[in-house]
Structures are given as structure tokens and as C-alpha cells.
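Engineer: Supplied in C-alpha cells, the structure appears directly below.
What follows is calculated from the coordinates using simple rules that are stated; it is not laboratory data. What you see is a predicted model; the values in this text were computed from it and never measured. Counting neighbours? That spans all protein chains shown, and the Cβs are built from the backbone with ideal geometry, glycine included.
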Amino acid sequence: MEARLDPRKVQQSMAFDPDQVADFRRRWSVLMELAVWGDLKAGEIGALPKLRKRMLEYGEKIRSLFNDRSWIPQPRDQIKSVLTASLDVRDKLQAVEKETEALTGGADLERFNAEFDRLRADLVALMEHHEALWKDLLNRLYDGYEAWQASQGQEPSGD
């Protein structure tokens, strides 16, 4: 018998709390405002415009992570799409981190760094939680996964 994904479980794994999504949006907006209008100084010419560009890309990837994927017909493809979005967020996060290293001062530097660190920590924690769910769902498609899981001393995540 071919293993199938339960569309309901897939949908539940991608259900993000709307209040939490709104909070991420608000917090990213604060960072973007600080990057554009805040008093930040950089030691290199062009570093601030690059930071702003990377921050915008980061926000776009965060938005993509929370997109509705119900229009994708196959549950497996929905999971692959959201996992790709999660990897994209991580990729842009690294790009922003690299640009923040060029910041050297300014009245808003401490606030920018604190807000960025808090957003990063909360977003990564959320992604790690959901990535584990998505990984488990995909692994269920493979014969012998539950037997392997039991051999590792893990509780099967039963249906």
C-alpha cells in the first residue's frame, strides 16, 4: 500500500497563528523603518543601502513563508513549497546578518540590533518547530519510517 499524506495534517502543519504573523510583520516593519529612517552609521560606503535592500528581501521571504498554499493540489508539493520558503528565509537572514556587521554606530544601532536579534530568535524558533512537523510528514511517505523511528527510541507520531 502506497503511503499518502493526510491533507488535513498537512494543512494543520502550515496553520500559523494570525496574531503571531501580524507580530512578525510589525516587528519587521520597525526594523525596516530603522534601516531607512533611523540613525545608523556604517564604516563602508554603500553599506546602508545594501542593508536596506537585504532587509526588504528578508521581509519578502518572511511573507512568502506565511503564504497560503492550499491552491497547490498535492499535499507533498505544499510541504516542499513551504520548506523551500523556510530555507529562503534562512538564506536572507544570513544575508542581513552579513550586512549588519558593517554597522558601526548611530543613535539607533542598539535598538536595531536588539530588535533584529529578537525577531531572528523568534522566527527561527517558529521555523524549527514547523520544519520538524514537515520533515515528519514527508518521512511518513517512506516505507519503514515508523519502524526506523521506533528503533531510534522515538515515539511514532501516529495518526
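Engineer: Round to the nearest 0.05 the FRET efficiency obtained for residue 53 and residue 141 when R0 = 35 Å and r is the Cβ-Cβ distance.
Structural biologist: The value I calculate is 0.35.
Engineer: Just grab the label-to-label distance for residue 39 and residue 122, each label 7 Å out from Cα along the Cβ direction, in nm (one decimal).
Structural biologist: Between residue 39 and residue 122, the label points sit 2.6 nm apart.
Engineer: Would you grab the residues whose amide H sits under 5 Å from the one on residue 42? Only those 5+ places off in sequence or on another chain, please, with H modelled 1.01 Å from N.
Structural biologist: 104
Engineer: Return the ratio Rg/(2.2 N^0.38 Å) for the chain, where Rg is computed over Cα atoms only. Write out the running numbers ahead of the final one.
Structural biologist: Values: Rg = 19.2 Å, N = 159, 2.2 N^0.38 = 15.1 Å.
The reported ratio for this selection is 1.27.
Engineer: How much FRET efficiency would the formula 1/(1 + (r/R0)^6) give for residue 132 and residue 63, where r is the Cβ-Cβ distance and R0 is 25 Å, rounded to 0.05? List each step's numbers first, then the result.
Structural biologist: On the way: r = 22 Å, r/R0 = 0.89.
Rounded to the nearest 0.05, the efficiency is 0.65.
Engineer: Find how much the distance from residue 71 to residue 111 grows on full extension, using 0.36 nm per residue of separation minus their present alpha carbon separation; answer in nm with one decimal.
Structural biologist: Length difference between fully extended and current span is 10.5 nm.
Engineer: Right, something else. May I ask you to list the GluC sites (Glu not before Pro) in region 51-125 that are in a DSSP loop and have at most 16 other Cβ atoms within 10 Å of their Cβ?
Structural biologist: Hits after loop and neighbour filter: 101.
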